[in-house]
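Input: a single structure, listed below in structure tokens.
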Amino acid sequence: MAQPGYAGNVLLQGNRLNPGTSLTQGPYSLRMQTDCNLVLYKNGNRPLWASNTNQKGTGCYLIMQTDGNAALYTSARKALWATGTNGRNDGAHHLILQADGNLVMYNGGGAAIWASGTDGRMAPQSLDGRKLLHGVLASFPHN
């Protein structure tokens, strides 16, 4: 089982963000809330992005899986949300909360393969939940 493995603003492959913990970078924080919602905040109270998984389980955590996917699971191992990047594991993936407020997944070669699209403002939405952001195909929750 994966152990908590994050330092400041980075979640490493094979590790997880447990309920009540967060990644932080300047005024930004990515919180794995105890209500099972994963939320990116600016200045502690302005939500920029969310997984929209609140109240859908208990004991939820975000894991940076070894298959290249970041996924949010309940304590019963039910998947509630994912980046959709599984199968793109060409090295040690990691999620980083950048100084501009964008949450980005990089592959082992250093290429961005997923992004929240927040870079300091509200995340854009599209009808099918996907949008091209800075050359990266990003997925957004559309429950």
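I need the strands (runs of 3 or more DSSP E) fully contained in segment 1-107, keeping only those with at least 2 residues that are over 16 Å from residue 118 (Cβ atoms).
Counting at least 2 such residues, we get 10-12, 61-64, 70-73, 79-82.
May I ask you to say which residue of 107, 102 is touching a Gly at 6+ places or on another chain (Cβ under 6 Å) and crowded, with 18+ Cβ neighbours inside 10 Å?
Of the residues listed, the single one that is touching a Gly at 6+ places or on another chain (Cβ under 6 Å) and crowded, with 18+ Cβ neighbours inside 10 Å is 107.
Which one is modelled with the highest pLDDT among residues in segment 83-92 that are buried (at least 16 other Cβ atoms within 10 Å of the Cβ) and polar (S, T, N, Q)?
83
Yes or no, residue by residue, for (1) within 24 Å of residue 99 (Cβ to Cβ); (2) out of contact with any Leu (no Cβ under 7 Å at 6 or more places or on another chain); (3) in contact (Cβ under 8 Å) with a residue 60 or more places away in the chain:
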position: 12; (1), (2), (3): yes, yes, yes
position: 23; (1), (2), (3): yes, no, yes
position: 28; (1), (2), (3): yes, no, yes
position: 33; (1), (2), (3): yes, yes, no
position: 51; (1), (2), (3): yes, no, yes
position: 65; (1), (2), (3): no, yes, no
position: 77; (1), (2), (3): no, yes, no
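Give the residue that is surrounded by the fewest Cβ atoms within 10 Å (Cβ to Cβ), with candidates limited to residues of segment 63-82 that are β-branched (Val, Ile, Thr) and at pLDDT 95 or above.
That would be 74.
Yes/no matrix, rows are residues, columns are (1) surrounded by fewer than 19 Cβ atoms within 10 Å (Cβ to Cβ); (2) at pLDDT below 95:
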position	(1), (2)
12	yes, yes
15	no, yes
43	yes, yes
50	no, no
53	no, no
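The values are calculated or read from the model by the stated rules, or taken from the named source; none is laboratory data. Predicted model, so just to flag it, every value in this text is computed and none were measured. Ideal geometry is used to build each Cβ from the backbone, glycine not excepted, and the neighbour counts take in all protein chains shown.
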